Each structure stands twice: as C-alpha cells, then as structure tokens.
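Undergrad: I'd like to ask some things about the structure below.
The values are calculated or read from the model by the stated rules, or taken from the named source; none is laboratory data. Quick caveat, the model's predicted, so the values are computed rather than measured. All Cβ positions, even for glycine, are placed from backbone atoms using ideal geometry, and neighbour counts span all protein chains on display. Only protein heavy atoms, including side chains, enter the accessible area calculation; ligands, DNA and RNA are left aside. Shrake-Rupley method; radii C 1.70, N 1.55, O 1.52, S 1.80 Å.
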Amino acid sequence: MKIAVLGAGAWGSAISINLAPRHEVTLWVRDAAQYSAMRLARSNERYLPGLALPDNLVIENDFAAAVKGCALVLAAVTTAGLRETLRRLKAGRCASPVVWLCKGFEKQHAKLPHQICAEELGADARCGVLSGPSFAEEVARGLPAAVTLASADAEFARETAQRLHSTTLRIYSSSDVVGVEVAGAVKNVMAIAAGICDGLRLGLNARAALITRGLAEITRLGVRLGGRPETFMGLAGAGDLILTCTGDLSRNRRVGLRLAQGLPLKDILAELGHTAEGVFTAHEVARLAQELNVDMPITSAVCRVLDDPRTASAAVSDLMQRDAKAEN
C-alpha cells in the first residue's frame, strides 16, 4: 500500500520507519532545513537520533508530490497543525482516506480531531484516529506495541487496521472515535500531573492513586461527550495513561517533573524541544469540563501549576483536602 506520512516529528518518523518494510511510504518533511539534513544523514537526528531510516523510505519536501497517488494519508502533525494540513489536502484534491496520529483538543475551540476533519473534509470523509500506548522511539526500534485505530466507519477501521498490522505493531479496530480521542488527549494532562507528583517525591502510592483517579476523570468527560465506557479501560485509555504517566520517554511527564522544580513553563518547553500536547490541552479540557459540569479536579490542579509552577505543593495539598466521598 502506498502511504503518505505527513509530519517528520518523532511519531511521524517512527511510524514511517515501522511501516516502510511492508509498504511504499513517503515521509513529508515540512521544514526545508530538516528535509535536507534527513536526506543527507538518512536519519532524523533531531527527534530520533541514532536510528537509520530504511533505504526504501522516500523523504519529500513537496506536499503535492508526497500525497500523489497514495492510498492512505497518516497525518502525524500536532493537533494545532491538523486543520491546516487537512485544508492542504482538500486544496490539492487529495481524496485519500486520512488517519490522524495527534492527541489533543484544538486550542480556543476545544474541538476534537474528528470534528476538525468533518469541518474541513466533510462529514462523509473516510477517516480515523490511531492512538494507544506507543512511545515513538520504541516503535521505530521495532519493539512490540499495540494501539487502536478508530473510525465511525467500522469497516474502514477493520480494513485499515489489518493492512497496517504487523508482528511488532499490533493494531486493534474500534468504532468509538470520541472515546479514543478523549482518552488520548486527556491522558497527556494526567501525565503532567504524574510528573509533578514524582517531581515532588510524593511516592508510588500517590502516583497510583493519581493515575486511577485520573482515569476516572478521563472517563467522566469521555462518556459525557459520547464515548463508550469500555474504551477507557482499553489500550487508548488505561494503556496509554499508564505508559505516559510512568515512562521516562513521556514528554508530558517530563514537563511535570520540571514544573515541580518551580521552573517557568516557557523555559521547560524550550528545553524540551518537542511538542507536549498536554500543555496546550489542559486549559481547553478544564474549560470544556466546566461547561459540561464534569468534575475534573486533577485537570484543574494541573492548569493552576502550569500558570504558576510555584503553586505545585499547594495544588497537591488542596486535592488531598477535598471532602471524602464515594468512589465513582
């Protein structure tokens, strides 16, 4: 299958490396300097240093050339960049199915990726989301991973999952797009919370409690938006949450660790050098939760610390002093 991967960040490069041995893959690199460097080195030293790109992986800087004749588009851009990418596909009359790999809510609008896609490509577009516990570096190295591909078109989800499936990347299909997207978006916020928890040295008990109650928050919001409860117990929900809250490769967790040290957010992001979707998602989630009357105290605490890292200890204290209640 001919696949166009749009976006040469860590995840776009990783999925390209993983798929190239079985498919005809073109990786579109937006930045001209990065494109030249990757062609010369046959690696992505900025995001996946030391990992060679397969010889048959085509690296392209021309958008039209990258998507020409492809049977599937994998949009490996950030949530903030998804709308522009879809507009470029439409302007270029590319009617290929699209699967996005981003996890988050659109800033200022709190829209999920499938809503953005419907607005830009139409409600009848064949599309879906690929999400789950999958650190880019491990996927690129061919280590075992399992993720979920969800689409409102169940047949498309099954067919595409089967075609992308391999011995190292197991792909399950789902029709719960909302559930998979909400889980992927909000787990990044919880990963920041987990990083704060670990950075303050609150212990393993505290981290376990935070992950568990974080999952409860994610589920409450997801079900309120139309997701199915069982989705949040699966790979896109609990699986991705556990990985992102505990793994040292998690960018969002690293943000939390640094916030716990009291560093300004702008300095943390400059040091990180990668996108941490949870930073941009947290306030959108909090605002949406307030509009829908969904209780999300951990999310609110994360927003408070993002706005002022000096409040980290106080935010934890306030969470612990909440009134006792039945678990739900």
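Undergrad: Taking 1 over the mean of 1/r across every pair of different Cα atoms in region 246-311, what Kirkwood radius in Å do you get?
TA: One over the average 1/r among Cα pairs gives 12.4 Å for region 246-311.
Undergrad: Could you report the accessible area of S173 in Å², rounded to 10, computed with a 1.4 Å probe on the protein chains as they sit in the structure?
TA: 60 Å²
Undergrad: Taking the Cα centre of the chain as origin, sum charge times position over the Cβ atoms of Lys and Arg (+1) and Asp and Glu (-1), and report the length of that vector in debye to the nearest 20.
TA: Roughly 260 debye, rounded to the nearest 20.
Undergrad: Here is a follow-up. What number comes out for accessible area per residue over region 164-279 if the probe is 1.4 Å? Units Å², please.
TA: Ligands and nucleic acids excluded, the result is 40 Å² per residue.
Undergrad: Something else about it: Quick one: Cα convex hull volume of region 210-258, Å³ per residue?
TA: Convex hull volume per residue, Cα atoms: 75 Å³.
Undergrad: I've got another one for you. If you take every residue apart from Q34 with its C-beta less than 10 Å away from the C-beta of Q34, what net charge results, scoring Lys and Arg +1 and Asp and Glu -1?
TA: Every neighbour counted, the sum reads +1.
Undergrad: Only four residue types carry charge here, +1 at the Cβ of Lys and Arg and -1 at the Cβ of Asp and Glu. Report the dipole size of region 140-272 about the Cα centre in Debye, rounded to the nearest 20.
TA: Roughly 360 debye for region 140-272.
Undergrad: Work out how far the C-alpha atoms of region 225-282 reach from end to end along every principal axis, then list the three figures in whole Å, largest first.
TA: 38, 24, 19
Undergrad: Relative contact order (percent) for region 1-74, with alpha-carbon contacts under 8 angstrom and 6 or more residues of separation?
TA: Reported as a whole number, the value is 42 percent.
Undergrad: Please list, in order along region 160-177, the HN-Hα scalar couplings obtained from phi with the Karplus expression 6.51 cos²θ - 1.76 cosθ + 1.60 (θ = phi - 60°), rounded to whole Hz, x for Gly and Pro.
TA: Here the 3J(HN,Hα) series is 5, 4, 5, 6, 8, 4, 8, 6, 10, 10, 7, 10, 9, 10, 8, 10, 8, 5 Hz.
Undergrad: Whole number please: convex hull volume per residue, Cα atoms of region 205-328, in Å³.
TA: Considering the Cα atoms of region 205-328, their hull volume per residue is 116 Å³.
Undergrad: Roughly how large, in nm² to one decimal, is the mean projection of the convex hull of the alpha-carbon atoms in region 132-197?
TA: Average projection, Cα convex hull of region 132-197: 4.9 nm².
Undergrad: Another one. Express the carbon and sulfur contribution to the solvent-accessible surface of region 226-328 as a percent, rounded to the nearest whole number, probe 1.4 angstrom.
TA: 53 percent
Undergrad: Based solely on its DSSP helices, what 222 nm [θ] is calculated for the chain when runs of n ≥ 4 H residues each add -39,500 (n - 2.57) and the sum is averaged over all residues, nearest 500 deg cm²/dmol?
TA: Only helices count here, giving -15500 deg cm²/dmol.
Undergrad: Could you tell me what a quarter of the Cα convex hull surface of region 1-157 works out to, in nm² with one decimal place?
TA: Over all viewing directions, region 1-157 projects a mean Cα-hull area of 9.0 nm².
Undergrad: Step through the table entries K68/K111; K2/K266; K90/K266, compare each Cα-Cα distance with 31 Å, and write down the pairs that go over it.
TA: Check vs 31 Å cut-off fails for K2/K266; K90/K266.
Undergrad: Now, a different point. Non-local amide H neighbours of G247 (under 5 Å, H modeled in plane, Pro and chain starts lacking H): which ones?
TA: none
Undergrad: Could you sort 209-219, 305-315 so that the peptide with the highest average Cβ count within 10 Å comes first and the rest follow in order?
TA: 209-219, 305-315
Undergrad: At what distance in angstrom do the alpha carbon centres of region 125-188 and region 298-324 lie from each other?
TA: So the two Cα centres are separated by 32 Å.
Undergrad: Expressed in whole Å with the largest first, what are the equivalent ellipsoid semi-axes of region 144-243 derived from the C-alpha gyration tensor as the square root of 5 times each eigenvalue?
TA: Sorted largest first and rounded, they come to 28, 16, 8 Å.
Undergrad: If you don't mind, another one. Could you check how much of the accessible area of region 142-189 is carbon and sulfur, as a whole percent, using a 1.4 Å probe?
TA: Whole-percent figure for carbon plus sulfur exposure: 50.
Undergrad: How large is ³J(HN,Hα) for each residue in region 253-260, as worked out from phi by the Karplus curve 6.51 cos²θ - 1.76 cosθ + 1.60 (θ = phi - 60°), to whole Hz, x for Gly and Pro?
TA: 5, 5, 4, x, 4, 6, 4, 4
Undergrad: Give me Rg over Rh for region 16-79, both radii from the alpha carbons and Rh done the Kirkwood way, two decimal places.
TA: Radius of gyration over Kirkwood radius for region 16-79 works out to 0.93.
Undergrad: Now a separate question. When the Kirkwood hydrodynamic radius is evaluated over all pairs of different C-alpha atoms of the chain, what value in angstrom, to one decimal, is obtained?
TA: Result for the chain stands at 20.0 Å.
Undergrad: Using only the Cα atoms, what convex hull volume per residue in Å³ does region 77-206 have?
TA: So the per-residue hull volume is 134 Å³.
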